[in-house]
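Encoded as structure tokens, the structure appears first; notes follow it.
Values quoted throughout were computed directly from the atomic coordinates according to the rules given, and no laboratory measurement underlies them. On a predicted model such as this, the values are computed, not experimentally measured, just so you know. When we count neighbours, we look across all protein chains shown, and the Cβ atoms used for this are built from the backbone with ideal geometry, even at glycine.
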Amino acid sequence: MQAIARPLARVAPKHVRYAGTVSAWSAVPAGPPDPILGVTEAFKADKDPRKINLGVGAYRDDKGKPYVLNAVQKAEEQLADANPDKEYLPITGLAEFTSAAAKLAYGAESVPLKENRIAVTQSISGTGALRIGGTFLGRFFPHVKTIYLPVPSWGNHTPIFRDSGLEVKGYRYFDKKTVGLDFAGMIEDLKNMPAQSIVLLHACAHNPTGVDPTPEQWKEISNVIKEKSLFPFFDMAYQGFASGDTSRDAFAVRHFVAEGHQIALSQSFAKNMGSTASAPEEKARVDSQLKIVIRPMYSNPPLHGARIASTILRNEALYGLWESEVKLMADRIIEMRSRLFENLVQQNTPGEWSHIKKQIGMFSFTGLTQPQTKALAEKAHIYMTADGRISMAGLNGRNIDYFSESVSKAVKGDL
Ligand code: PMP
């Protein structure tokens, strides 16, 4: 959106009323800064060479640098050689990309996929997928338009679904005492939800806690959701990143589909959104309405990223390379978890730290308190969100020992 600045308004024709009067935006209140991006700003301003940023959830290599996958570089080279056109995409994106992405999520043997019952659209990243899904549900979900989020959940879920016109409520998920899953609380809350509510589930590598249900627990969650006729909306932002294996990480989604649930799914790696329908004819109707949601939002999605992803997903050699790189990233993070745990134990850090190793994916909820995270930022130049969440990808061979020592001192009150 562009606001007409006052100097411009002065040269506007007489019937424009803003010139010389109070600005149309004078009553707009300043919004609070984003809690995660604020961490990066504080990190950037810090001049200490030991500083560490564990705020943002983006992968870093063992030197702390952003990592461009070889599979992506090779796909870009192939695309540059092929020199394809840069025409507008259709509203729902690049068809070869969305079908490859759906196969990655649901599995090649998925029944609704084979029966052409999955309405899929490319979107603008995972956030856009959630927003399209939220708007679609807000418009067409035939029951009470309430979505339940795990407590806590990714900070952007609440505004995304609220702005989509859904009422947002929470269900128990994280147990502060065990720094693990409050499974009993979660099941009880699912059982107490009004039938036909919408439930948001993180498919794997829960953000911010790093705590996932086990396959057995997923089966029970699926049963309760079926009994209560709840509608599962999966957010899969980290497929492959949790275990290093894309199929293993898709367990929950594939289990729910095999159990006959009708689901909605937002994928983030691939930035696409899809929902299962009962028949191809119903899928076509859902498709037509997704287009009507998207067309006034941004008309059609960008082409370049979809082409890169689809080149990788559809080429056997590049797909293999990509899978091995996903595993490499996941394994590096798993190794950092082990080293952090071992260091904390070796340094006789008070408390129980096995959750660091048990948690999954990009993030770890350390259990550090707000005063401890504050001390770590002010005295050790280590930045994380105030809730004690760290992005494991920010740790590497160069900073893990300094980080562990500092955490140990913060917990002992020695910083
Ligand atoms: N869902 C979750 C759980 C996430 O962590 C993220 C990214 N932080 C998203 C959705 C959004 O994904 P994207 O960055 O592709 O918009």
Q: May I ask which residue of Y173, I160, G64 lies farthest towards the positive end of the charge dipole of the stretch 41-185, with charges of +1 (Lys, Arg) and -1 (Asp, Glu) on Cβ and the Cα centre as origin?
A: Y173
Q | Packing rank of 255-267, 23-35, 124-136, 140-152, where each peptide gets the mean count of other beta carbons within 10 Å, highest leading | A | 124-136, 255-267, 140-152, 23-35
Q | Debye, to nearest 20: dipole size of the chain, +1 on Lys, Arg Cβ, -1 on Asp, Glu Cβ | A | 1320 debye
Q. Using every alpha carbon pair in the chain, what percent of pairs falls into each 10 Å bin from 0 up to the bin containing the largest distance?
A. 4, 20, 28, 25, 16, 6, 1, 0
Q: Determine the alpha carbon to alpha carbon distance for each of K65/K169; K219/K291; K291/K327; K169/K219; K103/K327 and list only those over 28 Å.
A: K65/K169; K219/K291; K291/K327
**Q.** Within the stretch 88-302, percent of DSSP bridges classed antiparallel, to nearest 5
**A.** 40 percent
Q. On alpha-carbon atoms, Rg over Rh for the stretch 88-302 using Kirkwood Rh?
A. 0.94
Q) How much length is gained on full extension from K379 to S23, taking 0.36 nm per residue of separation minus their Cα-Cα distance? A) 123.8 nm
